[in-house]
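The values are calculated or read from the model by the stated rules, or taken from the named source; none is laboratory data. Small disclaimer: the values here were computed from a predicted structure and weren't measured. Using ideal geometry, Cβ is built from the backbone for each residue, glycine included, and neighbour counts are taken over all protein chains shown. The area values use the complete protein model at the heavy-atom level, side chains included, leaving out ligands, DNA and RNA. Shrake-Rupley method; radii C 1.70, N 1.55, O 1.52, S 1.80 Å.
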Amino acid sequence: MKKEITALLLILFSVQILSATITIEKQPEGVYNLGNIIDIPLSFNYSKDISGILTVKLICSGSESEFYKNGLAVYNGKERKITASLILDKDIIGNSIGNCYIQAQFGEEKINSKTFIISNKIIILPKINVNSTDPGETILITGEASREDGEKVSGTFEVLLKQKTNKDTILSKKGEVIDGKFSTEISLPSELPSGMYKTEVTATEKDSKGRITNQGLGEAEFFVNQVPRNIELLLDKTDFLPSEEVKIKPIIHDQSGEPIISNITITVKNSEGKEVEKDYIETDKEYSFEIPEKEKPSEWKIEAKGMGLEQKIKINILPKKDFNIEIINDTLIVTNTGNIPFNETIPIKIGNETINLNVSLEFGEAKQFQLTAPDGNYTIEIQKGNETIKQNVVLTGRAISIKELGKIKLLTHPIVWIFLIVLLAVISYIIYKKGYKRVFIGRFKEPKIIHERKKEIKKEAEEPNQFSITETAEMELSLKGTKSKTELICIKIKNFDSIISNLSKVKGTLLRITKIARENKLKIYVNNDYIFLIASPVITKTFKNERTVIEIAEKIKEILDEHNSKYEYIINYGISLHTGEMIARKEGDILKFMALGTFMIKAKKTATLADKTILLTSEFNEKAMHEVRTTKKVIENTNVYEIKKIREKPNSRFISEFLSRLEKKD
């Protein structure tokens, strides 16, 4: 047993004496880039003399590159040190990149280093001096470039400008990377479309043979703003007739011709420079207005302003030759309804005989002609373009003829002289009587039409107010006061009898209407089934009451529609807006007024034509064109206008949008 132990110890000792050691004294770093040099320090320790071939290899993913091979002799007990250097060059390592290690072999002994990375990557951090900019501006691109091993890059760079959603290159710029830094400026095209853009920056290093060793890509983004460049006003034509609708589409184009959705002010001016239309509208939408039916041939201007831009175009109002013919008994009335003087020959057939009537009429003028023929019934035929007007009339006379009912030459007629002498005698007599201070009491007989109208007014004024509404206006037969243009709202209650018998069911709604009127300084007058809300300048202290009247009428319609949707007793109504002349005077809280001409009559008629809607008379529509857009309608041969849109005031629209933007920022 002792002999066996002794033998084993001798064997172990001999092995220890013969053992050798290969050591990698310094392990490789974690990352290297192409072009680097890796030094591998090796030490050898053997207990006896030994010689052989030392080989050192680079092994990457199974690919081997031998970079060191040399003879080596190690003597007994002496340490031998050798450094094997690896140049990371393509001629040496080929395409070996990624996870690698070094293997050293001497004789049968091998040793491996720890794993490290060989990289060909460059890390780029580009920056742009702006987040957003306008086309045509210059941007500054700066940044740093370093290899993955942390060393600063010395090489070149290239910047490509592209849209974020498009691979196409818009422009490029090259330069040098010095000590890991680069900088360049790019001038953007002035017509560069709005949108998000990116700059692709590529940094490159090359070897002595011009081959790319290390390369990297970095991106930076910025936004190109949409800049308004011009306003385009699209019209299908530039020549228009009276009563024709003008349709216009305003478009704001940006730097690339794309539309910008915004708001602009459209102003239409007639030949005298007077504003006939003004509105604040959204671009890229159709806007329309109507040429007044009585507009003479002229040139109008349309102006568009918005986003710091302005555009003007001209339209032409064309001559319109037209006339209207009426036959009343034996009288022919020809009216010039065109917008130019009318000088035409009109063929008129009376029975079997045709007479060519030469008619000359100024703009808006009408003339009367007397038709005569032997006593009897005749068919009158008048050719008006493609239309034939026929009417049967009874005529008297000696022969078929047409005579103009012109003016009498007064001063050459003897009856005129007799009348003047009598008139002078009457005046002298009156003066004589006044000289003696005697009072003359007499009565002048009024014309029948005036007398009948006064009776109607008196009857209206005396009729009771069956709605039980507190009136704040009173109609007078005659009045001394201020004559002015006055706007009013006329409400026609069409189911009057039903409403009166169930007044308690609708009184609350009627009181809501009158409350709105009082709050806006409108005076209330009731006549049978009509309720008038009068906006007199004597009370409102302004001659511009159109917008107030329109807005109140809209509120009244809302109140009535709300009532009809909730309650059993429906109010069947019609609302009209009218303007005309009125003499008015304020007495306390009461407005005393006298309507002139057919002021009240036309308001009533238009309200009667309205069916649960608001209709404007021609007079009101013409005066309120700057406040409201309307659609023309013909109801029972009467021109009326329905509200299409109440125009917004430019200033109020701007303020509301400004406040809205502030709220979004908060």
Quick check for me: using +1 on Lys/Arg Cβ and -1 on Asp/Glu Cβ, what's the dipole size of the chain about its Cα centre, in debye to the nearest 20? 3160
I'd like the distance separating the alpha-carbon centroids of segment 239-293 and segment 148-217, in whole Å. 48
Just to compare against my own numbers: the Cα pair-distance distribution for the chain, 20 Å bins, whole % per bin, please. 12, 23, 22, 13, 11, 10, 6, 3, 1, 0
Here the percent of antiparallel bridges among DSSP beta bridges lying wholly in the chain, to the nearest 5, is 95
Placing +1 on the Cβ of each Lys and Arg and -1 on the Cβ of each Asp and Glu in the chain, which of 386, 44, 24 has its Cα farthest towards the positive end of the resulting dipole? 386
Under a 1.4 Å probe, what is the accessible area of the chain per residue, stated in Å²? 58
When every protein chain stays in place and a 1.4 Å probe is rolled, 243, 61, 132, 51 sorted by accessible area with the largest first are 61, 51, 132, 243
To the nearest Å, what is the center-to-center distance of segment 95-145 and segment 544-598, using C-alpha atoms only? 83
Relative contact order of the chain, defined on C-alpha pairs under 8 angstrom at six or more residues apart (%): 6
Percent of alpha-carbon pairs separated by more than 22 Å within segment 248-403: 58
Relative contact order, percent, segment 570-644 [alpha-carbon distance under 8 Å, six or more residues apart]: 31
Cα-based Rg and Dmax for segment 174-252, where Dmax is the largest Cα-Cα distance (Å): 25.5, 84
I'd like the isolated cysteines in the chain, meaning no second cysteine's beta-carbon lies under 4.7 angstrom from theirs. 490
Using alpha-carbon pairs under 8 Å, 6+ residues apart, how would you state the relative contact order of segment 124-165 in percent? 33
Cβ-based charge dipole, the chain, positive-most Cα from 126, 220, 543: 543
Taking +1 at the Cβ of each Lys and Arg and -1 at the Cβ of each Asp and Glu, which of 241, 98, 560 sits farthest along the dipole of the chain towards its positive end, judged by Cα position relative to the Cα centre? 560
Per residue, what volume in Å³ does the Cα convex hull of segment 215-294 take up? 115
If you line up the long axis of helix 503-519 against the longest principal axis of the chain, both from Cα atoms, how many degrees apart are they, to the nearest 10? 80
Taking a probe of 1.4 angstrom, what is the accessible area of residue 594 in Å², to the nearest 10? 40
Let me make sure I get this right: for segment 597-643, a, b and c are the square roots of the gyration tensor eigenvalues over alpha carbons, sorted descending. Under 1.5 in a/c it's rounded, otherwise prolate if a/b > b/c, else oblate. Which is it? oblate
Please determine, in degrees from 0 to 90 and to the nearest 10, the orientation of helix 650-665 with respect to the longest principal axis defined by the Cα atoms of the chain, where the helix direction is its Cα long axis. 30
Residue separation between residue 99 and residue 365 times 0.36 nm, minus their alpha-carbon distance, gives in nm 85.4 nm
Please calculate the 1.4 Å probe accessible area of residue 190, with all protein chains present, and give it to the nearest 10 Å². 70
Two-decimal Rg to Rh for segment 131-277 - Kirkwood Rh, Cα set: 1.29
Extent of segment 10-139 along each principal axis, from alpha carbon coordinates, in Å, largest to smallest? 90, 26, 23
Net dipole in debye of segment 477-607 [+1 Lys, Arg Cβ; -1 Asp, Glu Cβ; about Cα centre; nearest 20]: 460
Could you state the angle between the C-alpha long axis of helix 599-609 and the longest principal axis of the C-alpha atoms of the chain, as a value from 0 to 90 degrees rounded to the nearest 10? 60
Note on segment 359-409: alpha-carbon gyration tensor, axes a ≥ b ≥ c; rule is a/c under 1.5 for rounded, else prolate if a/b larger than b/c, else oblate; result oblate
When a/c is below 1.5 the answer is rounded, else prolate if a/b is larger than b/c, else oblate, so apply that to segment 312-408 with a ≥ b ≥ c taken from the square roots of the Cα gyration tensor eigenvalues. prolate
Keeping all protein chains in position, work out how much accessible area residue 375 exposes to a 1.4 Å probe, and write it in Å² to the nearest 10. 120
In debye, nearest 20: dipole of segment 217-363 around its Cα centre with unit charges on the Cβ of K, R (+) and D, E (-)? 400
Gain in length, residue 498 to residue 262, computed as 0.36 nm per residue apart minus the alpha-carbon separation, to one decimal in nm? 79.8 nm
Extension reserve of the residue 61-residue 232 stretch, reckoned as 0.36 nm per residue once the Cα distance is removed: 54.9 nm
